[in-house]
Structure formats: structure tokens, C-alpha cells
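Here is the structure we will look at.
Coordinate-derived values only; no laboratory data. Fair warning: this is a prediction, and the values are worked out from it, not measured in the lab. Cβ: placed from backbone, ideal geometry, glycine included. Neighbour counts: every protein chain shown.
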Amino acid sequence: MTWSTVLFLDYLSCALLGLAAAFRGGRHSLPFTGALILGMICALISPVARSVMLGFSAQILPRMDAFDERAYVAASFAGACAGWLLQRRVSEKAPVFPVLEGASLALSTALGTHVALALGLATPLGGVLTGCMAGTVGGVLRDLCLSERPALLEINFYGSAAAVGAMAVTGLHVLHADFWTQMAAGVFCVLALRLFGSRRSKRLGIFSEF
């Protein structure tokens, strides 16, 4: 694993968070500028929250030779624009949002956990908490801005999915598994549980897809 790989995945995570938030905002009839701002804020809050929890204030991700905060802004902008365009082109009945939300939650959680542990700045419990914070904070902010009850407070495998994924990454890190094994396990656990929770909630009528 190289830090450039982590940096690339962090940009991708930022873009996915922006995509999911802007998609959701568009389905709530927000104008383009509103969805764009919502997507960018929800995308950037995740790496910033992770950085604050790890004690960094100047950089979102430390120890990066190629670090450039403008790239995070560009990634969030691109993701938000893509989310706005996507929601205008797909059917409202298509289950696109749960997949986008699950993917963004999974990658940001797994990556946040790994960064905390790899830098040696957190105990295993601290790594799990950092990953959960990084994964869920953007979704909580998105739901609050859209006047919805945060998914974190619902019984739909959101916070719990992030916790399971973060624990999977932490356990494999303790066992000295390689980077890609940790990431694959964490992403799979979060995504699988989140999609199961969304499907279950929709079937029970407690989750409305926009």
C-alpha cells in the first residue's frame, strides 16, 4: 500500500459522498445550485471530521507528498454534478440511491478506519470510532439539511453497518492483513448490510425512496 493509493481512494470517497447527497437533494426538488452545495458540503465534511478526530487541522490527510486540498474540492464538485445529472436521467422507481449511499458509506468508513490505524494515531477502538464518524457524518448532515430523520437513528443498518465494517478493517489490521484485504472486507460488510437494511426498510414501509 502506498499513500498515493490511499489519497486516490480518498478522492473517490469524497466524490461518492457528493454524488449521493446531490442525487438525494435533486429528488427533493432542490435546484442545481442547492444540490451542488449540499453535495459538496456533505462530501467534504467526512475527511474533515476524520482529520479533526485524529488531531490534524491543516491537512485532510497527512503525510502526502502530493497532497492538495483543491483536489478534494474538485472531487466533491465533480461528484455533486454527477449526482444531479444522474437523478434527472434515471427513473424515480429505480433503486439507485441505496446503492450510491451504501457505496459512499462503505468506502469512507473503511478508509477512515484504515487511515487512523495505519498512522498509529488510534487504538483499535479509536480506529472503529474514527471510521464510523467518517462514514456517517456526511449522511447525517444530508438528512438534516433535507429535513429528514437521520438514517443513523433508524433501524435500517446504517450506523451498525458502519460499525461492523470498521471492526472488520480493525480486526484484519491487527492480524497484519494487507491493505486491499482490509479495504475489501470493510467495504463488503458495510455495503452488504446497508443494502439489506434499505431493502428491509422499504419492504416494511419505513423508508421512502426518492
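If you take the residues of the stretch 82-109 that are more than 25 Å from residue 172 (Cα to Cα), touching a residue at least 40 places away in the same chain (Cβ under 8 Å) and small (Gly, Ala, Ser), which of them is surrounded by the fewest Cβ atoms within 10 Å (Cβ to Cβ)? Taking the candidates together, the pick is 82. Filtered by the rule that a residue be farther than 15 Å from residue 141 by Cβ, aliphatic (A, V, I, L, M) and not in a helix (DSSP H, G or I), the stretch 1-52 gives a lone residue, 1.
Taking the criterion of being of a type outside the set (Phe, Trp, Tyr) and out of contact with any Cys (no Cβ under 8 Å at 6 or more places or on another chain), the residues of the stretch 26-36 that qualify are 26, 27, 28, 29, 30, 31, 33, 34, 35. Identify all residues within the stretch 78-109 that are assigned to a helix (DSSP H, G or I) and out of contact with any helix residue (DSSP H, G or I) (no Cβ under 8 Å at 6 or more places or on another chain); write none if there are none. Within the stretch 78-109, 85, 89 qualify.
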